[in-house]
Amino acid sequence: MMKRVSMLVFLTLIAVAIALPAGDAKKGEKLVSGTISRLDTANRSMTVTDAKGVAWTIQWNDSTRVLGGELKEGAAVQLGCSESDNQHWANWIKVAEAKE
């Protein structure tokens, strides 16, 4: 009986942990991780390709927080974005070093 209760508690905790958004995510915010495959700084737009090969076109503006390194092609990024006017707008972007 005790093993069943322990297993049920354990599985419930895992389910809750998976359902909770990451610390930086806001309600309704999508999290995207991948590599910048195209960058257009003039138009504040980039394409981020995730691990599954899905390409996300992301826009940013003056209120977007950029943390870490410089935005450049080949850089690994994680970002939180919202959808507005059929476009994805970055709320924040965390940049890692570019792959060589």
When ASN91 is run through (1) touching a strand residue (DSSP E or B) at 6+ places or on another chain (Cβ under 6 Å); (2) exposed (fewer than 13 other Cβ atoms within 10 Å of the Cβ), the failure sits at (2)
The one condition GLU83 fails out of (1) within 14 Å of the chain's Cα centre (by Cα); (2) not in a strand (DSSP E or B) is (2)
Which one of these is β-branched (Val, Ile, Thr) and surrounded by fewer than 14 Cβ atoms within 10 Å (Cβ to Cβ): THR57, THR47, THR35? THR57
Among (1) assigned to a strand (DSSP E or B); (2) at pLDDT 95 or above; (3) over 12 Å from the mean Cα position of the chain (by Cα) - the single one LYS94 does not satisfy: (3)
Taking the range 45-93, which residues are in contact (Cβ under 8 Å) with a residue 40 or more places away in the chain and closer than 13 Å to SER33 by Cα? ALA75, ALA76, VAL77, GLN78, LEU79, GLY80, CYS81, TRP92
Just to be sure, is LEU39 in a strand (DSSP E or B) and touching a Ser or Thr at 6+ places or on another chain (Cβ under 9 Å)? yes
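The values are calculated or read from the model by the stated rules, or taken from the named source; none is laboratory data. Not measured: the values here are computed from a predicted model. A quick note on method: Cβ atoms are made from the backbone with ideal geometry, for glycine too, and the neighbour counts reach across all protein chains shown.
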